[in-house]
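Novice: Mind having a look at this structure? Questions to follow.
The values are calculated or read from the model by the stated rules, or taken from the named source; none is laboratory data. This one's a predicted model, so the numbers in the text were calculated from it and none came from an experiment. Heads up, the Cβs are rebuilt from the backbone with ideal geometry, glycines too, and the neighbour counts pull from every protein chain shown. Surface areas here come from the heavy atoms of the whole protein model, side chains and all, with no ligands, DNA or RNA. Shrake-Rupley method; radii C 1.70, N 1.55, O 1.52, S 1.80 Å.
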Amino acid sequence: MARSALTTTAATFTATAALLLTVCGGGGDDASSDDIKGAGTGASSSAPSATASSATPPGVERPVIKLPSSFQLTFQDWTSSDARQQAVLNDAKEELRAGYAAIIANDPDSEAVAFYDTDSGRSQSKKWIKSYTDKNVTVIGKLPVFDPKVTVLDGGTTASLGYCTDESEAYTKHRKTGKVEGNPADMDPEVYYLVTLRKSSQGVWQNASVRSERGECAK
């Protein structure tokens, strides 16, 4: 279950938010490692959850993103006393939720993902989502997203966001066979992400690129 992992030597990886889990094949023994992105506030009830960013500029209608209780995406300490940093956190969270919602809905062309991505980010996001949908798998379990650090740059038009995820209880599930798989036992479950976001003309912080590295979260 995941988006493609980046190595320490990789430069920028154009994509949207991310989670790194082993995406297992949609039929035989085919399996590959891909980063999962998408995100949301954790839904612990049996009913789907829906949230929208609280920092919506006037006149901007943001998509409503729903995640089922079978996949709980939780954001720990996802707050800042700085209003600009909080706006970045709000939009980054929704972009991550949108990506996971697209995987679960089997929808690589998700309009919600497009809303929170730049053109380059959208291209990679679609590739990432299709790494699941093409294998006929979805995501289940729990994925904590934590330790966010935001820096706003270029006079407030670009931002850098670093955060970690813990895939210990996150899995892929084959839609037809019901087979559930997670990361290998010897794989570090924590993944560090560094995301570049750009502020759109509407005031929406959109994902432009993301770099990820497994096992690099602060202990």
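Novice: How much accessible area per residue does region 113-204 have, in Å², with a 1.4 Å probe? Working shown, then result.
Specialist: Details: 4260 Å² over 92 residues.
Normalised by residue count, the accessible surface of region 113-204 is 46 Å².
Novice: Taking a 28 Å limit on the Cα-Cα distance, which of the listed pairs K142/K199; K126/K199; K149/K176; K93/K127; K149/K173; K126/K179 fall beyond it? Provide the component values of the computation, followed by the final result.
Specialist: Numbers: K142/K199 30 Å; K126/K199 21 Å; K149/K176 39 Å; K93/K127 20 Å; K149/K173 31 Å; K126/K179 24 Å.
Those over the limit are K142/K199; K149/K176; K149/K173.
Novice: Give, as ranges by residue number, the residues of region 106-130 whose backbone N falls under 14 Å from the point 7 Å along Cα→Cβ of R175.
Specialist: Under cut-off, by backbone N: 106-110, 129-130.
Novice: Skipping prolines and chain starts, which residues have an amide H placed within reach, meaning under 5 Å, of the one on V145, given they are 5 or more residues away or on another chain?
Specialist: T74, F75, Q76
Novice: With a bin width of 5 angstrom, please list the P(r) values of region 84-139 as percents of all Cα-Cα pairs, from the 0 bin to the one holding the largest distance.
Specialist: In whole percents, the pair-distance histogram is 4, 22, 30, 21, 13, 6, 3, 1.
Novice: If r is the Cβ-Cβ distance from V64 to S123 and R0 is 22 Å, what FRET efficiency results, to the nearest 0.05?
Specialist: Numbers: r = 24 Å, r/R0 = 1.10.
It comes to 0.35.
Novice: Let me ask another. Go through Y132, A170, L143 and say which Cα lies farthest out towards the positive end of the charge dipole of region 62-201; charges sit on Cβ, +1 for Lys and Arg, -1 for Asp and Glu.
Specialist: It is Y132, whose Cα lies furthest towards the positive end.
Novice: Would you mind telling me the share, in percent, of accessible area of region 65-150 contributed by carbon and sulfur at probe 1.4 angstrom? Write down the numbers at each step before the final one.
Specialist: Details: 1550 of 3420 Å².
C and S atoms contribute 45 percent here.
Novice: Suppose R0 equals 22 Å. What FRET efficiency, 1/(1 + (r/R0)^6) with r the Cβ-Cβ distance, do D188 and N106 give to the nearest 0.05? Could the numbers behind the result be given before it?
Specialist: Working: r = 29 Å, r/R0 = 1.33.
Once rounded, the FRET efficiency stands at 0.15.
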